[in-house]
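Shown next, in structure tokens, is the structure this report addresses.
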Amino acid sequence: MNEPNTPESGSEGDDSSELTGSGLAAEKTRRLTRVDQLRDAGVNPYPYRFDRSHTLAEVRAQWGSLEPGTETETAVAIAGRLMLKREQGKLIFATVRDRSDDIQLFVSKAVVGDDAFADIGALDLGDWVGVEGTVMTTRKGELSVKVTRLELLAKAVRPMPDKWHGLSDTDTRFRQRYADLIVNDEARRAFEVRHAIISSFRRTLADKHFVEVETPVLHVEAGGAHARPFLTHHNTLDMQLYLRIALELHLKRLIVGGMERVFEIGRVFRNEGISTRHNPEFTMMELYQAFGDYSEVMALTEELIVQAARDSIGTTVVDIYDHEGTAHRVDLAESWRKVRMIDLVAEKTGVEVHPSQPVESLRELAATHGVSVNPRWGSGKIIEELFEALAETSLIAPTFVTGHPVEISPLARADRNDPFLTERFELFVGTRELANGYSELNDPVEQRLRFEEEQAAKDAGDAERGTVDEDYLRALEYGMPPTGGLGIGMDRVAMLLAGVTSIKEVILFPTLRPEVF
């Protein structure tokens, strides 16, 4: 018995990723002709349903230890996409795949009959099939289903990309994610990891009595972050709205309302650039915890990510890539460094810096290190620019950067020991920011002053700055208890744990330029 591990020769096994132009048109025409033939014979090539008894993973889990050459009388009904097929005389070997696993089909003409054998032989790679049969193993120990009946569930009229070479063009992979997932094991794994991470976050937070909520995507004010928003228009109300750039301000309204511990995992939108670490729409997890401060949510950040690593990839040891693409092996379970932003700048420049310093001295320091500054920026913003230009690329292992200047942290509470800094942190891993959190500013008078400074900067031409959110200020006037807040970029956590270097690898349908047909 010859048990194949390669596709059959001829059209069924051709590298369809190379079928273009007239070749692709001819193949589609051939398959569409087959659809017509099936309909003429009274066969629906797209039936309404199929009742399966087992997933392929369940078959493998239950019978994977059968001895070679075992035939059972256990009947199963399975379904999947036809990935490989090879005909040898009166036998056909095929491989089907569902979401959970692959399994071999063993088709004997003596069992299914001449007509059914011919119909199975006429199937194309990519077709979806439902199969009834009995569980067996071949002489070489390959777990298989001995087919008694096979039904076409959906005819594929376009050939699959080549199973081994896949889609060679990355833009095509991201644009045709449906095709990428068919043949790319690594793509499927990345999204399995992503799913497991989000599930892990939800479990951890539920165990800590956080309530998951949903807040509006359409905002009257674009607040909660420094970012350029997307604009839209509500026809009935005849008003301009913004797609949210953060989840923060509505979640803190719920803290005012007494919900005490809330979180949301949701899509946010920023009308900014596209890169290996940026997509205009991405997924954030934000949480707010009454009666805590930034030290408490800093510890929770570490717990969430370490537990997500265990739950999604089974280990806390990961390879973290620097900005040059070099891998560094790091154990996330080891204690994470905490260091102030001003101290990191001092490490790189050899000069002590602080937001209380005259802005002219910091402009000179920036010029010395080739860092461009805007004349409108104050000392705190220049310190942030120095940090981003000089220190960020050195943060490989998980690092909490703390003590951000007040100027760049309009919603964070001033440090209890230094009024020029805030009780804020950002988590950097592999040179990328993964999280941002702080002790929340809950003084409505101080918050109004911060908002007014934001509005003045926006009016002066900084499109990423915020505005005065009167309703949020009204909420604070009812009283918000001491609160710790946290935002984590879920896409970047998925990048870290899936071991990929582009955000497009962990977003199913990333934003791309329109395709020209």
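Read-outs: derived from the displayed coordinates by stated rules, not from any lab. As the structure is a prediction and not an experimental result, all values here were calculated from the model. Heads up, the Cβs are rebuilt from the backbone with ideal geometry, glycines too, and the neighbour counts pull from every protein chain shown.
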Cα-based Rg and Dmax for the stretch 345-430, where Dmax is the largest Cα-Cα distance (Å): 12.7, 34
For q = 0.10 Å⁻¹, Debye-computed log10 I/I(0) when each Cα of the chain counts as one equal scatterer: -0.89
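Rounded to the nearest 20 debye, what is the charge dipole size of the stretch 11-165 about its Cα centre when +1 sits on each Lys and Arg Cβ and -1 on each Asp and Glu Cβ? Can you show the working numbers first?
Working: 22 positive and 25 negative charges, 30 e Å.
Approximately 140 debye in magnitude.
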Reciprocal of mean inverse Cα separation for the stretch 88-162 (Kirkwood radius, Å): 13.0
How big is the gap, in Å, between the Cα center of the stretch 260-276 and the Cα center of the stretch 179-208? 17
Compute the helix-to-body angle for 379-390: its Cα long axis versus the longest principal axis of the chain, expressed 0 to 90° and rounded to tens. 40
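Please order MET160, MET285 by the number of other Cβ within 10 Å, starting at the fewest. Intermediate results must be reported in sequence, preceding the final value.
Values: MET160 19, MET285 23.
In order of increasing Cβ crowding within 10 Å: MET160, MET285.
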Considering the dipole of the chain built from charges on the beta carbon (Lys and Arg +1, Asp and Glu -1) around the Cα centre, which of HIS278, THR74, GLN88 is farthest to its positive end? GLN88
At q = 0.21 Å⁻¹, what base-10 log of I(q)/I(0) does the Debye formula yield for the stretch 305-352 when every alpha carbon is treated as an equal point scatterer in vacuo? -0.85
Post the alpha-carbon centroid distance, the stretch 366-381 to the stretch 310-338, in whole angstrom. 33
Taking a temperature of 10 °C and a viscosity of 1.306 mPa s, what whole-number D in µm²/s does Stokes-Einstein yield for the stretch 177-322 with Rh from Kirkwood over alpha carbon pairs? 91
For the residue pair PHE291 and TYR178, what label-to-label distance in nm results when each label sits 7 Å from Cα along the Cα-to-beta-carbon direction? 5.2
Can you sort ILE78, ILE383 so the residue with the fewest Cβ neighbours within 10 Å comes first? ILE78, ILE383
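Please report the equivalent ellipsoid semi-axes of the stretch 131-215, computed as sqrt(5 x eigenvalue) of the Cα gyration tensor, largest first, in whole Å. The partial results should precede the final answer.
On the way: eigenvalues 246, 114, 43 Å².
So the three semi-axes of the stretch 131-215 are 35, 24, 15 Å.
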Using only alpha-carbon positions, what ratio does the radius of gyration of the stretch 245-355 give when scaled by 2.2 N^0.38 Å? 1.34
The chain, dipole about Cα centre (Lys/Arg Cβ +1, Asp/Glu Cβ -1), debye to the nearest 20: 1260
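Compute the length gained on full extension between SER394 and GLU142: take 0.36 nm times their separation in residues and subtract their Cα-Cα distance, giving the result in nm to one decimal. Mind dumping the intermediate values first?
On the way: separation 252, 0.36 × 252 = 90.72 nm, distance 4.95 nm.
The SER394-GLU142 span can extend by a further 85.8 nm.
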For the pair GLU324 and GLU446, the simple spin-label estimate (label points 7 Å beyond Cα toward Cβ) gives in nm 4.3
How would you rank 404-416, 464-476, highest first, on the average number of other Cβ atoms within 10 Å across their residues? 404-416, 464-476
Quick one: 3J(HN,Hα) in Hz for the stretch 69-78, Karplus 6.51/-1.76/1.60 with θ = phi - 60°, rounded, Gly and Pro as x. x, 8, 10, 9, 9, 7, 8, 9, 10, 10
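What FRET efficiency comes out for the pair ARG39/GLU192, r = Cβ-Cβ distance, R0 = 30 Å, nearest 0.05?
Numbers: r = 37 Å, r/R0 = 1.24.
Computed FRET efficiency for ARG39 and GLU192: 0.20.
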Pairwise label distance in nanometres, ALA25 with LEU512, each label 7 Å out on the Cα-Cβ vector: 2.3
For ARG30, ARG244, ascending order of other Cβ atoms within 10 Å (fewest first) is ARG30, ARG244
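Seen from all sides and averaged, what is the projected area of the convex hull of the Cα atoms in the stretch 11-165, in nm²? Kindly include the intermediate steps, with their values, before the conclusion.
Values: hull surface 38.1 nm².
Average projection, Cα convex hull of the stretch 11-165: 9.5 nm².
In debye to the nearest 20, how big a dipole does the stretch 219-282 give about its Cα centre with +1 on each Lys and Arg Cβ and -1 on each Asp and Glu Cβ? Could the numbers behind the result be given before it?
Numbers: 8 positive and 7 negative charges, 36 e Å.
Dipole size: approximately 180 debye.
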